[in-house]
Amino acid sequence: MDDVAGQGRGEPKQGPSAASKASEARSSKDGASPRRSRASRGSSTENGQTGEEAALAFVRRHYPRLMDVLIYLKENQPRQYARAIKDLHRTRHRLEQIRERQPRRYKLELEAWKLQSEIQLLMAELVMSDSPEVRRRLEEAVARQVDLRLKLLKADQRQAEARLAKIQQSVRRLEQHREEEVQRLTRQLVAKMERLRGKKRKPLRSRTSTTSAKQSKRARPEASRSKNPRGGKASSQQRSSSHAR
């Protein structure tokens, strides 16, 4: 969200005439309406939404104040608008993945994004007008951001401690049952070797049986050929004897 925060924040306070003039100037220069940004032609995502629609829905739901900035960028800085939509789409996708894997952490990460967006908006206001009130709000937002960062670090610490506890438990278990583990793994390897040896023997037997079957098939026609000539001679002799009679 740094692109959105750093480009055009605070500028929506300009009158609509200034925004419309800038829009008309860019339209006459480019020959197309600036509302037709690259982001608006994004590929479709889940639920039939485009990347732009999904990003805008995400902003409306979680931080509506950002919509004024996005509207201004869309009308006056289409390239920056496209970059902002792309960044929002990435943020939304990242948070969705966190929500699926770690629902508790999702709330903290979402709050961190909202705080960062608020800080960037306040910084843009300070650029436009150095107000003590805005400075105070900025300091409060930064304090909340630091506290939230501490919560995230503590959550990481708890996860690391839980993982370390599991690793230590595995180490103790392996130290106590080292010999049993050696024997178990050895038995597995020997059993695997015997299975492989059995698979190698089977093809040899099948080849032998196939070869013998082919040989027997070849032998049958030869035997029949060897019998036929004798039978032919016998029949001719019988015919000749019958004529003589």
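See the values below:
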| read-out | value |
| --- | --- |
| Length released on extending from Arg149 to His93, taking residue separation times 0.36 nm less the Cα-Cα span | 18.1 nm |
| Out-of-range pairs (alpha-carbon distance over 19 Å; input Lys107/Lys151; Lys114/Lys151; Lys74/Lys107) | Lys74/Lys107 |
| Cut-off under 5 Å, modelled amide H: who pairs with Thr50 long-range | Thr45 |
| FRET efficiency, 1/(1 + (r/R0)^6) with R0 22 Å, evaluated for His62 and Arg158 via beta carbons | 0.30 |
| Hz values of 3J(HN,Hα) by residue in the range 96-109 - Karplus curve (6.51, -1.76, 1.60), Gly and Pro given as x | 5, 5, 5, 5, 5, 8, 9, x, 5, 5, 4, 4, 5, 5 |
| Proximal charge balance of Val190 [Cβ under 13 Å; K/R count +1, D/E count -1] | +4 |
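A short reminder: the numbers here are calculations on the coordinates, not readings from a lab. Bear in mind that the values here come from a model prediction, so they are computed numbers and not experimental data. Quick reminder, even Gly has a Cβ in these numbers, built from the backbone with ideal geometry, and neighbours come from all protein chains shown.
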